[in-house]
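Structure, as structure tokens:
Nothing in this text is a laboratory measurement; each read-out follows from the coordinates by a stated rule. Keep in mind it's a predicted model, so treat the numbers as computed, not measured. In this analysis, Cβ positions are derived from the backbone assuming ideal geometry, glycine residues included, and neighbour counts consider all displayed protein chains.
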Amino acid sequence: MELLKERILKDGKSFDGGILKVDSFINHQMDPVLMKNIANEFVKRFSDLNINKIITIEASGIAPAILVGLALELPVVFVKKTKPKTMEGFYTTQVYSFTKDKTYDVCVSNQYLNEGDNVIFIDDFLANGNAALGVKDLVKQAGANLSGMGFIIEKSFQEGRDRLLDKGIRVESLVRIEWLGENSIEFVE
Ligand code: 5GP
């Protein structure tokens, strides 16, 4: 997605160790016009699917996911990173966070993810695929079907994409990054 590549080159900040900061338009301050374009691109790429729900994980997946939900007029469920005291029936799994270097329990209510649901997962980044595989596990526990996963930015030098493809998951990444160094960003051609 050219618009997104241009924005990453203009406003993204890359660091040694393979971290990309996009805080000025995705992860902290958000650009709703760019987000709308991102959502439209996801809608186009998944237009062959007959899904009934979008699933994401808090916090940064929520903005793109809700705009996809708005475009398709479908509900959006976000996986929570802390279990609310009031939540009764839920599915839970563990996810290791690349950026925070810790493992945490994530959960989703069995009221909002059910057998018979056909979902796509939307998130901001695909790095090692831990968040995505955690969500895949929750979808499986619920007896629902996962039709595909869409990421705004894929860091193709990390193992996430291959881990998801190995499990037979369809992956749609709007931008794929080949390499990130101090102030240098290379995209997959
Ligand atoms: P994974 O679970 O695929 O290893 O990592 C995905 C999650 O880690 C994303 O949801 C995102 O929040 C975070 N993440 C991974 N790499 C980066 C990065 O380079 N920049 C930012 N901003 N977040 C990242």
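General observations
- Helix axis angle, 130-142 relative to the chain longest principal axis, alpha carbon, degrees: 20 degrees
- Extending 7 Å from the Cα toward the beta-carbon at both residue 19 and residue 141 defines two label points whose distance is 2.9 nm.
- A helix-only calculation puts the chain at -9000 deg cm²/dmol for mean residue ellipticity at 222 nm, using -39500 (n - 2.57) for each DSSP H run of at least four residues, averaged over all residues.
- Considering only beta bridges that DSSP places wholly inside region 38-175, some 30 percent are antiparallel.
- Computed over region 57-161, the range of Cα coordinates on each principal axis works out to 37, 32, 22 Å, biggest value leading.
- The listed peptides 118-125, 178-185, 34-41, ordered by packing as a protection proxy, come out as 118-125, 34-41, 178-185 (highest mean of other Cβ atoms within 10 Å first).
- Which of 87, 1 has the fewest Cβ neighbours within 10 Å, and the rest in rising order: 87, 1
- Rounded to 10°, Cα long-axis angle of helix 62-72 versus longest principal axis of the chain: 70 degrees
- Theoretical FRET efficiency, 1/(1+(r/R0)^6), r = Cβ-Cβ of residue 59 and residue 189, R0 25 Å, to 0.05: 0.20
- Residue order, fewest to most beta carbons within 10 Å, for 43, 79: 43, 79
- Normalised contact order of the chain, rounded percent, pairs of Cα under 8 Å and 6 or more residues apart: 21 percent
- Proximal aspartates and glutamates to residue 83, defined as alpha-carbon separation beneath 17 angstrom and excluding residues fewer than eight positions away on the same chain: 58, 105, 137
- For the chain, the convex hull drawn through the C-alpha positions has a volume of 115 cubic angstrom per residue.
- Counting neighbouring Cβ atoms within 10 Å and putting the fewest first, the residues 77, 135, 33, 188 line up as 33, 188, 77, 135.
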